[in-house]
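Encoded as structure tokens, the structure appears first; notes follow it.
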Amino acid sequence: MEQSDITKLLIPQSDWASPELFLYENEDKLRLDLASAIQFSGINSVGGVVLGFRLVQYAVQLTAGNGPLQRDGISIYTSFPGRGTQDAFEYTCRALRDKRYCCDTTLHHPGAQSGQRGQFLFTMRVNEQSMVMTPADGMPQHSYFEADRSAQDSLEAALRWRDEKINFANTLLSLPPEKCLRVL
């Protein structure tokens, strides 16, 4: 299946909740959007891309509201090593390039859901404010982790894993940041 065919498996963009994020780079106001974040990363880690975008959106919403925020004022410390979230953090705030991103899979919090590698645990530091976030209860679903564990077993299992990532992305796309995430 080609890239464009797979993106057709996502819910229509007209149904995406909160598809934009505004940050500043010096005096320039940047309009960042989910479609461009997905294009930047590709579809293979689409669930993580949307999760990472939602994390930045929610951190900005909680700390700056509608006020201007410099993209280099955001740092991420996480236990989750997923490529999609890394791509979203790079697209939105250049956190990897500027060394404001750190992943340590040994970090643990009792309120965060465990993934295959590390936890879905994100400390977002926006200017001088920090918050620890994780996906809302039940996200991603248990079937997501089962599909990840068996993805290497067969082509059918790999397709199930792809479908789970798309389902996770569709859930996150349909909800505003405050419904996708919780602060620990």
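With the crude spin-label approximation of a point 7 Å out along Cα→Cβ, what separation in nm comes out for S36 versus V183?
Distance between the two pseudo-spin positions: 2.7 nm.
Do any trypsin sites (Lys or Arg not before Pro) in the range 75-184 lie in a DSSP loop with no more than 11 other beta carbon atoms within 10 Å, and if so, which?
Sparse-neighbourhood loop trypsin sites (Lys or Arg not before Pro): R97, K99.
Using the Cβ atoms and a cut-off under 14 Å, what net charge is assigned to the surroundings of K165, where Lys and Arg are +1 and Asp and Glu are -1?
Once all neighbours under 14 Å are counted, the net charge is -1.
Amide H of M133 versus every other amide H placed in the peptide plane: which residues, excluding those fewer than 5 positions away on the same chain, fall under 5 Å?
Excluding prolines and chain starts, which carry no amide H, the hits are F122, T123, M124, L184.
Residues in the range 53-89 near a label at D28, defined as backbone nitrogen under 18 Å from the 7 Å Cα→Cβ point?
Within reach of a label on D28: 68-74.
Quick one: length gained pulling F145 to D104 fully straight, 0.36 nm per residue minus the C-alpha distance?
Here the segment from F145 to D104 would lengthen by 12.8 nm.
Between the range 129-158 and the range 41-83, how many Å separate their Cα centres?
18
Quick check: at a probe of 1.4 Å, how many percent of the accessible area of the chain sits on carbon and sulfur atoms?
Heavy-atom surface of the chain belonging to carbon and sulfur, 1.4 Å probe: 47 percent.
With n ≥ 4 as the cut-off for DSSP H runs, can you work out [θ] at 222 nm for the chain, using -39500 (n - 2.57) per run divided by the number of residues, rounded to the nearest 500?
-12500 deg cm²/dmol
Quick query: amide H of L175 versus all other amide H atoms, modeled in the peptide plane; which residues come in under 5 Å with a sequence gap of 5 or more or a different chain?
Residues meeting the amide H criterion: A17.
Read phi for every residue in the range 167-174 and hand back ³J(HN,Hα) as whole Hz from Karplus 6.51 cos²θ - 1.76 cosθ + 1.60, θ = phi - 60°, with x for Gly and Pro.
Taking θ as phi minus 60°, the curve returns 4, 4, 4, 4, 4, 5, 5, 7 Hz for the range 167-174.
Using each residue's phi in the range 44-57, evaluate 6.51 cos²θ - 1.76 cosθ + 1.60 at θ = phi - 60° and report the 3J(HN,Hα) Karplus result to the nearest Hz, with x for Gly and Pro.
After applying 6.51 cos²θ - 1.76 cosθ + 1.60, I find 4, 10, 4, x, x, 4, 5, 4, x, 4, 4, 4, 5, 4 Hz.
Cα convex hull of the range 52-184: mean projected area in nm², to one decimal?
8.1
Between Q70 and residues 5 or more places away or on another chain, which pairs have amide H atoms under 5 Å apart, with H built 1.01 Å from N, and which residues are they?
The answer is Y24.
Starting from the Cα of R117, move 7 Å in the Cα-to-Cβ direction to define the label point; list residues of the range 54-91 whose amide nitrogen is under 18 Å from there.
Label zone hits: 77-90.
Taking only protein heavy atoms and a 1.4 Å probe, what accessible area per residue, in Å², does the chain have with all protein chains in place?
50
So how do M124, M139 rank on accessible area, 1.4 Å probe, biggest first, that is with the largest at the start?
In descending accessible area the options line up as M139, M124.
Calculate how steeply helix 83-93 sits against the longest principal axis of the alpha-carbon atoms of the chain, using the helix alpha-carbon long axis, and give the answer as 0 to 90 degrees to the nearest 10.
Long axis of 83-93 versus the principal axis of the chain: about 20 degrees.
The values are calculated or read from the model by the stated rules, or taken from the named source; none is laboratory data. If you're wondering where the values come from, they're calculated on a predicted model, not measured in any experiment. All Cβ positions, even for glycine, are placed from backbone atoms using ideal geometry, and neighbour counts span all protein chains on display. The area values use the complete protein model at the heavy-atom level, side chains included, leaving out ligands, DNA and RNA. Shrake-Rupley method; radii C 1.70, N 1.55, O 1.52, S 1.80 Å.
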